[in-house]
Structure formats: structure tokens, C-alpha cells
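What follows is calculated from the coordinates using simple rules that are stated; it is not laboratory data. Given the structure is predicted, the values throughout are model-derived calculations rather than measurements. Please note: Cβ atoms are built from the backbone with ideal geometry, for glycine as well, and neighbour counts cover all protein chains shown.
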């Protein structure tokens, strides 16, 4: 089993808490993206990033000084979004770190596919960014089937806990020999099941923590997740779709 999750926009540097174990596998591709970004003007970058002046200025400065090979933070500690807050990897136990290093993969517009202890530096580049590189119109075309092929080399089952923006970089390219199961975390509103962005992020992070704490390696056991008030709904679920409903 491999679990895919999204990155977060907000990042930090932490070179002290835990050591990195390797450089990212797709670093040559990252270097090409860095070259393309550095060739853009600050105004073009801000348009690409869709951010305010302060965030743009911070990331223009990051680009100028970016070193992809030293002063790095383990990927799992570098992201600060809600999903990562609920995952709380900083207080994992040793066996849980081993679990996520083997099974968890972060899909990144800049780095491609990251193991938790790959060394990264803060960047800003969402997968849906319209960055044309190497004759490719955007990052989905740039990464193509590379990320799916790497996952297919490692497993025949992918648990998709990523947002659609990031799962789109993997799902269409997986061979038929690899099963992908998507999770929905929602609430009933009348006859509909509604997903709420913040609650989904919380649940995805909590599920990664639960999977690691319980050493879950079989698809069928994912249904036992019941944290944060969620429970598995077999009537709404399918073979490759696990639906968890919050509340009664």
C-alpha cells in the first residue's frame, strides 16, 4: 500500500528535529522547474502564484537563494497546513516514522513525489499552476506519467488522500494492475453528502496518523477508521471509494 497526500502552501525550515534520509528522486526535474521560475520576472511569478505582495516578495527571495541540496528539512516536517497539524508527525514514535517512510508519498508540483524524509526547501508551486516547461503547457503535462509509474513500481494499491488537484497528477496514469481507492469525508445534509474543505484536511491528516498508529496495510482495514466523529458508510461506499460520514 502507498498513501498519497497533498502538500501545503505554508512551509517552514526545521533542520534540527529529525535528519533527512535522502534527496528527492525527481531532483533533476525540480532543477528544471527552478531554472524556469528564475527566468520569470517578479510580476510574472506573482501572477503564477496568485498571491499577495508580501507572499510574492518572500518567494521571489526564496528563489534567488534556493539550494536544493543543503540546509534541507524532512518533507514531513516542512509543511504546516491543517492536514499536517492533525497528522502531527513531530510527535510520532519510531515505528510510525518507519511506517510513513515506507508507505506515505507527498505529491508536489515542484518535487514530484516525496518520501517523508526526503530533504526539501520551502517553495511555492501548486500543481495546477500554469507553468510551461520543456514544451509542456502545465505541470500536469510536465510530470506526465512519471509519478504514477514510480508508485506502480512500489505497490499494487494506492490510497488516495490527496485533493483532486494533486490526485489528478497520478490517477489517470496508473496502470490497470494498480488499484486506487479514494476517500470521502463528509456530512449528511438532507439526501446529500457534503464535503467541507477544512474538515476534509483535518480528516486526511488524522487518517494518516491513525494508519501509522495501527500499522494498517490492508485495504479492507481502512474501513475501521472512526476518529474525529467519522464512521464508514458501506451504503455510500464502493469497491474503490470509501465514504466516511461525520456524526450519526
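Among the residues of region 224-248, write down those that are buried (at least 16 other Cβ atoms within 10 Å of the Cβ) and within 22 Å of the chain's Cα centre (by Cα).
Result: 225, 228, 230, 242, 243, 244.
Could you grab me the full set of residues in region 157-177 that are within 21 Å of residue 223 (Cα to Cα) and crowded, with 20+ Cβ neighbours inside 10 Å?
Across region 157-177, the qualifying residues are 158, 159, 160, 161, 162, 167.
I'd like to check which strands (runs of 3 or more DSSP E) are fully inside region 156-248 and have at least 2 residues that are touching a residue at least 12 places away in the same chain (Cβ under 8 Å) and within 29 Å of residue 139 (Cβ to Cβ).
Details: elements: 157-160, 179-189, 192-194, 230-232, 241-246.
Ranges flagged: 157-160, 179-189, 241-246.
Looking only at region 89-139, which residues are over 25 Å from residue 55 (Cα atoms), in contact (Cβ under 8 Å) with a residue 24 or more places away in the chain and assigned to a loop (DSSP other than H, G, I, E, B)?
Scanning region 89-139 gives 92, 115, 116, 117, 134.
For region 34-54, how many residues meet the condition of being surrounded by 11 or more Cβ atoms within 10 Å (Cβ to Cβ), within 16 Å of residue 121 (Cα to Cα) and out of contact with any helix residue (DSSP H, G or I) (no Cβ under 7 Å at 6 or more places or on another chain)? Outline the logic, then answer.
So in region 34-54, the residues surrounded by 11 or more Cβ atoms within 10 Å (Cβ to Cβ) come out as 34, 36-38, 40, 42, 44-51.
Then keep just the ones that are within 16 Å of residue 121 (Cα to Cα); that gives 34, 37-38.
Going one step further and asking which of them are out of contact with any helix residue (DSSP H, G or I) (no Cβ under 7 Å at 6 or more places or on another chain), we end up with 34.
Counting residues in region 34-54 that are surrounded by 11 or more Cβ atoms within 10 Å (Cβ to Cβ), within 16 Å of residue 121 (Cα to Cα) and out of contact with any helix residue (DSSP H, G or I) (no Cβ under 7 Å at 6 or more places or on another chain) gives 1.
Any residue in region 58-68 that is part of a loop (DSSP other than H, G, I, E, B) and farther than 24 Å from residue 38 by Cβ? I'd like the intermediate steps shown before the answer.
Taking region 58-68 and keeping what is part of a loop (DSSP other than H, G, I, E, B), we get 66-68.
Restricting the remaining residues to those that are farther than 24 Å from residue 38 by Cβ gives none.
So far as region 58-68 goes, no, none of its residues is part of a loop (DSSP other than H, G, I, E, B) and farther than 24 Å from residue 38 by Cβ.
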